[in-house]
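Structure, as structure tokens:
None of the figures in this text is laboratory data; all of them are computed from the coordinates on show. These numbers come from a predicted model, not from an experiment. Note: ideal-geometry Cβ built from the backbone for every residue, glycine included; neighbour counts use all protein chains shown.
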Amino acid sequence: MRYHTPSTFEDAARLAASASGLTRFLAGGTDVLVQLRAGMVQPDDLIDLKKISGVDAIERTEDGGWHIGVAVPGIRLGGHADLCADWPGVVEGMELVGSTQIQGRATLVGNLCNGSPAADSVPGLVAAGATVTITGPNGTRTVPVEDIPVSPGKTSLAAGEVVSAITLPPRGSNGGDAYLRFIPRTEMDIAVVGCAVNLRLDGDTITEARVALGAVAPTVVLVPEAADAIIGTTLDDAAIAALVAAAEAACNPITDKRGTVEFRTEVAGVLAKRAARIAYSRAKGENA
Amino acid sequence: MTKVHVTTTVNGDPVEFLADPRETLLDSLRNSLGLTGSKEGCGTGDCGACSVTMNGTLVCSCLVLGVEAEGAQIETIEGMGGDTQLHPLQRKFVEHAALQCGFCTPGILVAAKKLLEENANPTETEIRYWLAGNLCRCTGYDKIIRAVQDAAAEMRGEAA
């Protein structure tokens, strides 16, 4: 295995594009090193992205959004007061990934590109409308986060392409987001179901919403029907009932040791309801 | 396999070693530098027995490559207390019998030291969450929590 430390994303993409064998990009390494050591993946070329300028930065964009470097570990998100104020749901999703030690290394982009349908940080990013910039041999392109995973462990990235940035949109006024997951213990487990809700209010009425579900389909899914169920409402009981029904209808889960199809489907509705209420409270400026 | 020359700082001392690119920092510390205090429990980042700090951040050294240590500041259990003077956490672990087999202890001490640097007066809940990535199969954790609380109180200058 050859270890590379390119200083630009263009060089990283070039290295990957010209490699004849198996290539992996390394940021936090909390998935790549486990796969490497287990013998599941034996890369010929390992391309460490951490020497590239700016990969460890959290910066406000010109339009008031956020640019988060691909090597920023989870622990830095929770320590960033302004980012937490804008996107608490995104941050709380990432903070559920692993232990303190894992938080010291694990990254948003790594969690995304690992391709797990149960990735805790991904529903929050999808609900927020986050995008990633991809650098490849033919230049760069920007795509929504939900377009990256295509099936468990697989992404839409072509050979030689590397995610070079992740961008959160401007929070704007009267907005709130939240992420909840179900696990049978209190800490250090993989989501049985996850749900993120992001919404905006005009007075008491929801004007915009995005709802994303994790671990109930081969990828994290954006559920427009669930958003439609609450847009134009004050999150009254009828809207909640419609939200729950839409979330349940979007589920296409598997039965495994963590939960059955029926359990996951029911929990998706419950989490959608609770996450929507938290996001609504946050949009109102309440502590939730 | 071409080995890579790595220059880094461990417990304040400049060191250098040759690392196979696939080798973990844990293996570099133990096999190249002879620092065997950090333990390998799981090798997959679940148990925390290999905990060290890298540039001030708590990490599992089994999930860091040795080559990634280039230019970094690494702190291990060997840097925590001297032969004659234990760190307050180490002393309280002895007093509270917060260890039995001792395999998890170096990692827990490194993690707890980092916690107390960030938060001099953590609640029991904060300690339990912070140490959730450090598994101990002997003590049942209660004695560990009490030892950390007691050490924190002493380090704050409060009478225990």
In whole Hz, the Karplus estimates of ³J(HN,Hα) for region A:90-103 (6.51, -1.76, 1.60; θ = phi - 60°; x where Gly or Pro) are 4, 5, 5, x, 5, 5, 7, 7, x, 8, 3, 5, 5, 4
Taking region A:161-218, how much of its Cα-Cα pair set, in percent, is spaced more than 16 angstrom apart? 61 percent
For region B:4-79, radius of gyration divided by Kirkwood radius, i.e. Rg to Rh on alpha-carbons: 0.91
Mean ellipticity per residue at 222 nm, deg cm²/dmol - from DSSP H runs of n ≥ 4 across chain A, formula -39500 (n - 2.57): -9500 deg cm²/dmol
For region B:32-160, what Kirkwood radius comes out of the mean inverse Cα-Cα distance, in Å? 14.9 Å
Suppose every K and R has +1 on its Cβ and every D and E has -1 on its Cβ; what is the size of the dipole of the protein assembly as shown about the Cα centre, in Debye to the nearest 20? 680 debye
Sort A:S53, B:S51 by Cβ crowding within 10 Å, fewest neighbours at the top. A:S53, B:S51
Quick one: what are the phi-derived ³J(HN,Hα) couplings along region B:101-106, Karplus 6.51/-1.76/1.60 with θ = phi - 60°, whole Hz, x for glycine and proline? 6, x, 5, 7, 4, x
P(r) for region A:1-116, please, calculated from all Cα pair distances in 5 Å bins and given in %. 2, 11, 20, 22, 19, 13, 8, 4, 1
In sequence order, calculated HN-Hα J values of region A:260-269 (Karplus, 6.51, -1.76, 1.60; Hz; x Gly/Pro): 8, 4, 5, 5, 4, 5, 5, 5, 4, x
Based on Cβ point charges of +1 for Lys and Arg and -1 for Asp and Glu, what charge dipole magnitude is obtained for region B:4-79 about its Cα centre, in debye rounded to the nearest 20? 120 debye
Using amide H atoms built in the peptide plane, which far-off residues or other-chain residues are under 5 Å from A:E208 H to H? A:R200
Taking the Cα atoms of region B:84-160, what is the range of coordinates along each of the three principal axes, in descending order and whole Å? 31, 30, 17
Over the Cα atoms, compute the radius of gyration (one decimal) and Dmax (the largest Cα-Cα distance, rounded to a whole number) for region A:28-85, in Å. 14.9, 44
Mind jotting down a quarter of the surface of the convex hull over the alpha carbons of the protein assembly as shown, in square nanometres, one decimal? 22.5 nm²
Work through the residues other than B:N31 whose Cβ is under 12 Å from its Cβ and net out their charges, Lys, Arg +1 and Asp, Glu -1. -3
At R0 = 51 Å, FRET efficiency that the Cβ-Cβ distance of A:E262 and A:D11 yields, to 0.05: 0.55
Summing Lys, Arg as +1 and Asp, Glu as -1, what charge do residues with Cβ under 15 Å from the Cβ of A:K154 carry, A:K154 excluded? -3
Per the Debye formula with a single identical scatterer at each Cα and no solvent contribution, what log10 I(q)/I(0) holds for region A:154-288 at q = 0.09, 0.18, 0.19 Å⁻¹? -0.29, -0.98, -1.05
So what is log10(I(q)/I(0)) for region A:211-270 at q = 0.17, 0.27 1/Å, when the Debye sum runs over its Cα atoms only? -0.52, -1.05
For the protein assembly as shown, how many pairs of lysine residues have a Cα-Cα distance under 29 Å, where the two are 8 or more positions apart or belong to different chains? 23
Please state, rounded to one decimal and in Å, the Kirkwood hydrodynamic radius that region A:88-130 gives when every pair of distinct Cα atoms enters the mean of 1/r. 10.3 Å
Among B:P14, B:P106, B:P122: highest mean-square fluctuation, GNM of chain B, C-alpha pairs under 10 Å: B:P14
Among A:C195, A:C251, B:C101, which comes first, then next, by fewest other beta-carbon atoms within 10 Å? B:C101, A:C251, A:C195
Over all directions, the average projected area of the alpha-carbon convex hull for region A:82-232 comes to how many nm²? 9.7 nm²
Solvent-free Debye scattering, log10 I(q)/I(0), computed from the Cα coordinates of region B:28-71 at q = 0.15, 0.22, 0.23 Å⁻¹: -0.33, -0.73, -0.80
Arrange A:H4, B:H5 by Cβ neighbour counts within 10 Å, fewest through most, would you? B:H5, A:H4
